[in-house]
1. Name the one entry in 1, 47 that is outside any helix (DSSP H, G or I), among the hydrophobic types (A, V, I, L, M, F, W, C) and without any contact (Cβ under 8 Å) to a residue 24 or more places away in the chain.
2. Looking at (1) touching a residue at least 40 places away in the same chain (Cβ under 8 Å); (2) in a helix (DSSP H, G or I); (3) crowded, with 19+ Cβ neighbours inside 10 Å; (4) out of contact with any helix residue (DSSP H, G or I) (no Cβ under 6 Å at 6 or more places or on another chain), find the lone condition where residue 19 falls short.
3. From (1) assigned to a helix (DSSP H, G or I); (2) touching a strand residue (DSSP E or B) at 6+ places or on another chain (Cβ under 9 Å); (3) not small (Gly, Ala, Ser), pick out the condition that doesn't hold for residue 59.
4. Quick check on the range 25-41: of everything there that is without any contact (Cβ under 8 Å) to a residue 12 or more places away in the chain and more than 13 Å from the chain's Cα centre (by Cα), which residue is surrounded by the most Cβ atoms within 10 Å (Cβ to Cβ)?
5. Which of the residues spanning the range 62-102 are in a helix (DSSP H, G or I) and closer than 13 Å to residue 3 by Cβ?
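Nothing in this text is a laboratory measurement; each read-out follows from the coordinates by a stated rule. Just so you know, these numbers come straight off a predicted model, no measurement behind them. Please note: Cβ atoms are built from the backbone with ideal geometry, for glycine as well, and neighbour counts cover all protein chains shown.
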Amino acid sequence: MTGKDLAKRLKTKNPPCVVDVRSIFEFRSGHIPGAIHSPFWKILFRMAGLPQDKQSLVIVTCEHGPRAQMAKSLLSFSGYKRVVLLEGQMSGWRRAGLPLEK
């Protein structure tokens with residue numbers, strides 16, 4: 001999903017769940033509004049605060065992609081059916097000038 005598509009969807013009545021798997025320091029420096037901070041280990045130990053409905057759309061992001069790809073695989077393995085990576089990850093989100101929350 002592109003950053004612009006996600007930004008539009010976040011403004012709807014039923015926005016997707018955005019999971020940011022970066023470090024706490026990266027997350028605190030700026031993240032997608034409403035994103036859940038959930039490093040890989042929180043997903044692994046089921047401490048991430050993810051939606052109960054495993055049919056929910058879940059968008060996963062990190063800074064450049066590798067951590068998000070691992071998290072996507074783990075979420076899919078855990079039964080989430082609609083897990084998507086954010087195109088360009090957080091570096092692309094910032095380059096596009098999309099909103100950040102701190």
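1. 47
2. Of everything listed in (1) touching a residue at least 40 places away in the same chain (Cβ under 8 Å); (2) in a helix (DSSP H, G or I); (3) crowded, with 19+ Cβ neighbours inside 10 Å; (4) out of contact with any helix residue (DSSP H, G or I) (no Cβ under 6 Å at 6 or more places or on another chain), residue 19 misses just condition (2).
3. Condition (1) is where residue 59 drops out.
4. Ranking the qualifying residues of the range 25-41, first place goes to 41.
5. 89, 90, 91, 92, 93, 94, 95 - these are the residues of the range 62-102 that are in a helix (DSSP H, G or I) and closer than 13 Å to residue 3 by Cβ.
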